[in-house]
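Here is the structure we will look at, set down as structure tokens.
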Amino acid sequence: MKKTIILLTALLLAVSARSQSFQQAFFLDGYRLGYRYNPALQNQDGFLSVGQWENQNRNNFGAASFLYPRGDELVTGLHSSVSAQEFLGNLKDDNYFNNSISFNLVSYGWRKEKAYHTLEAGFRASYSASFPKEIFTILKLGTGESHYDLGGLSLGEKAFVELAYGYSRKLSDYISVGARAKLLVGLEALSYRLTRLDLTLSESIYEARLEADLDLTSSLYKITPTKDGYLGLNLSSKDRWRLPSGGGLAVDLGVVATPVEGLTLSASIVDLGGIFWYYGNAGKSQGTTTFTGMDNLSMEEIQEGKIGNQFQDELDALLASLKLKSVNNRTLLEAIPFNVNLAAKYQLPFYRALALGATGNYVSMKGMNYWEARGVLAWNPWNWLGVTANAGSGEHGAVWGAALNVAFKKFRLTAAYCDGFGGTIPYTSTPLKANNKMLTIGLTYDL
Amino acid sequence: MKHFRFCLLLFLPLALACSRKAYDVSDGFNTDLTLFENEISVPVGSVGPFTLGLIMDKLSQIEGIGSLLADYLKTGKDDALYLEDTGNIFSINVYELEKQLPDADTATSWNAGNRSAYIGGIFSLLGFLGLKVANQHLEITASNPLRASVQGSCSPTYISQDYSAPIDGMDNFSLPKRNTVELASQTLPDHLSSPVMSLELANLTLSLPANPVSTIYDNTGNLLFSFDYKYTASLAIGEEFTLPLEDISLGDVNLAIGQFGLKQCQLSLELENTLPLQVKINDIVVYQPKASENEEAVVDENIVIASDFTIAGGSLEHPSTTQLNVGIEALEGTIPDLREVHLNLSLAAQPDLGVVALSTKQGLYVKNASAKLSGGITIPIKNAE
């Protein structure tokens, strides 16, 4: 059963994501969870929400960085028909992808005079990977530079539960402020970081200086070190479910102002905090492997095809330096990605249902910072309908999005989708270009 | 209608964001890779040493050459390579000897005349190759089958192509009864560097007892008066040594490198040479692969191997080191499979070293070798489907 849970968790993580606020929340009048974008935003009445889903995929490279149409066939960037300039020009110095998910288990909001309160419990998870361009520079061009820095290769995964209380208050008719305090309960975290991989590739020596860290904290499974103190792939489930494997705090802060009639300004910072991870497996590997060529290769070795034996010895030495030595009692305080959001909305005086606006967003995420700005057109003609469309530009190029909020009696369905213009590989959702894609869907009930 | 236009505007980006047919991977894609398009340098390290001893071991496994080497070429305790030949100068059966005596009933002196032996026939070829010998040593032994000691005398001489000289100690000798004794053991002067070709025992005379046959123990033992030699000499390279080797085929070459699409390969190495030989590589040519055995081999003019270089000779005490850069390049296209490679080279004594004895420890040692491949390496991979 536990293995099934592990598998399901892994599957869940494999399709998941969220690290960027749902910006169009600011423009949909009927959307009840706008406080997640800016905690100063208030609803008129109370609400209950169960199961809102947000999924975000962000990558600063796409499949088109590796696949190239040539005539009637596709070739890889390492094909001779693809120039080094073209191939390497399509890669960043550090290439990453990040998927995140935010699943809102339950949200509850109520008004008390000028104040608005919210309570929320949700699950958030993300996984990411990054690799340096240097790997492909070596493969494509060779060893002309002789020294390479491949540090920065990393894999990571995080999952935690978020329990939040929000408070918003109207200070006047023109300004509201709000804050949310969040208790973060860590479920599991995996991080493998190649903090250093200096390669010297010259005609006289191949040398790899390597340092790597592994941190694994989990409530579900553990790695038992070998007798000599190394971490292997002997993953086993724990005897019983133990919570938590990490804990932390975060806050959201926001302000909403209406300086003139019809114009609303919003500023917020979301997810400012971190998680102190503990109760885990940790390991560190470091070592230097040097290959200066074969050592007195004999005639017999050449004739008997044993040249590879010496290469195998060197490869074994390299793999040995990758082995992770178990580290006891490692604890890590890691910041969660935070968002800075700015927005302005102007309702047309001759038709208040139609609004124009703009948003700006900056996400601070270690090694994967992101920004974008969008122009927004919003149409909220009736209480039961709201529609927005937006377009703009971000760190990865042009972006667009659309959102819909529709009500039936006291139920409200919200759906939003944001994407880029790069296109995808047919029959898959794999983006061809650097991209920022987000899907939000949720249902609320007005109290 | 206004609402319809608005919706059209809203979903226009969706159309722009759709999938791209050119990137359809459902039918697979070409996974051939060409890596390291500029160049890649690889440390190769040290290879060898390839010593004369190793080469002799390999040669000894070849039928014909192996037995020839085993017969004449030996390895001493000091790893020196030396020639050894043993043989008979003169022998006569006691019965035959008695028949030749004019009066066997009385003790008499018998003259065998001039007797000679030619030492190892192949040694004479050494001079033609320019090979020399050093530390020459001669031993002459004699056997007496009689139960009586025998006195003798002779004037022994060793003869080479350039000189002849007497062998000391055999003017008068005694052969103890029923025994084999060493009559002479002589080391030749160092300046004599051409091999001894023959030995001559001039005016060999034996003083025999009466009725020699009657003094033999029985007729089943040794019945021979025998004069034998043992010749040893270190094999050496002389200053005149020269050996042109033309159109030598490297028969074992079978490098299937065509699939990698190599354009240029540069091998850089230090060659340590403890052989007193200067090796001059004049030419290395690659032949086009033959479609059939009967087809005439044709030089592949497209493949150029930069090979005009000379490897300096040295010695164990003073090895020589030569920096070599060997390049192979395809003028057009890529380097094909290498099936047949021929080379022209010449060996010559390293000047100013004089006569240097050869040792099984001497040889060639590749050090600090590295390879630089330019123009990319193609890795053919079955296309993904």
| message | Can you tell me the length gained on complete extension of the stretch A:Gln44 to A:Ala181, counting 0.36 nm per residue apart and subtracting the Cα distance? | response | 47.2 nm
| 3J(HN,Hα) from dihedral phi, the stretch B:202-214, Karplus parametrisation 6.51/-1.76/1.60, rounded to Hz, x for glycine, proline | 8, 6, 6, 10, 10, 9, 9, x, 5, 6, x, 4, 5
| remark: The simple spin-label model distance between A:Ser393 and A:Thr258, using points 7 Å out along Cα→Cβ, in nm, is 3.4
| FRET E, pair A:Arg111, A:Tyr174, Förster distance 22 Å, beta-carbon r, rounded to 0.05 | 0.70
| remark: Quick calc, the stretch A:2-446, dipole around Cα centre from Cβ unit charges on Lys, Arg (+) and Asp, Glu (-), nearest 20 debye, gives 2380
| query | In nm, what is the difference between 0.36 nm times the number of residues separating B:Ile55 and B:Asp171 and their Cα-Cα distance? | reply | 37.3 nm
| said: If I stretch the segment between A:Ser298 and A:Gln286 completely, what's the gain in nm (0.36 nm per residue apart, minus their alpha carbon distance), one decimal? | reply: 1.1 nm
| Can you sort A:Trp400, A:Trp382, A:Trp371 so the residue with the fewest Cβ neighbours within 10 Å comes first? | A:Trp382, A:Trp371, A:Trp400
| Using the Cβ atoms and a cut-off under 14 Å, what net charge is assigned to the surroundings of B:Ile377, where Lys and Arg are +1 and Asp and Glu are -1? | 0
| Pairs A:Lys92/B:Lys263; B:Lys280/B:Lys367; B:Lys280/B:Lys372; A:Lys409/A:Lys437: which are spaced more than 26 Å apart, C-alpha to C-alpha? | A:Lys92/B:Lys263; A:Lys409/A:Lys437
| query | Counting only residues 5 or more places away or on other chains, whose amide H sits under 5 Å from the amide H of A:Thr143 once H atoms are built in the peptide plane? | reply | B:Glu39, B:Ile40, B:Ser41
| query | How large is ³J(HN,Hα) for each residue in the stretch B:175-186, as worked out from phi by the Karplus curve 6.51 cos²θ - 1.76 cosθ + 1.60 (θ = phi - 60°), to whole Hz, x for Gly and Pro? | reply | 10, x, 4, 6, 8, 10, 10, 8, 8, 8, 9, 9
| field | Note, ³J(HN,Hα) from phi for the stretch A:387-401, Karplus 6.51, -1.76, 1.60, rounded to Hz, x at Gly and Pro | value | 9, 9, 9, 8, 7, x, 9, x, 4, 9, x, 5, 9, 8, x
| remark: So the FRET efficiency between B:Asp79 and B:Lys367, C-beta based with R0 = 25 Å and rounded to 0.05, is 0.75
| said: Quick check on the exposure proxy: order B:Arg147, B:Arg339 from fewest to most C-beta atoms within 10 angstrom. | reply: B:Arg147, B:Arg339
| the stretch A:21-63 residues near the modelled A:Leu119 label - backbone nitrogen below 13 Å, point 7 Å along Cα→Cβ | A:47-49
| field | 20 Å cut-off, amide nitrogen to a point 7 angstrom out along B:Ser346 Cα→Cβ, residues in the stretch B:298-332 | value | B:306-314
| task | Please work out the FRET efficiency for the pair A:Leu385 and B:Asp24, using the Cβ-Cβ distance as r and a Förster radius of 41 Å; give the result to the nearest 0.05. | result | 0.60
| task | Sticking with the crude label model, points 7 Å out along Cα→Cβ, report the distance from B:Gln151 to B:Ser207 in nm, one decimal please. | result | 0.1
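Coordinate-derived values only; no laboratory data. Just so we're clear, the structure is a prediction, and the values are computed from it rather than from any experiment. FYI the Cβ positions are ideal-geometry reconstructions off the backbone, even for glycines, and counts take in every protein chain you see.
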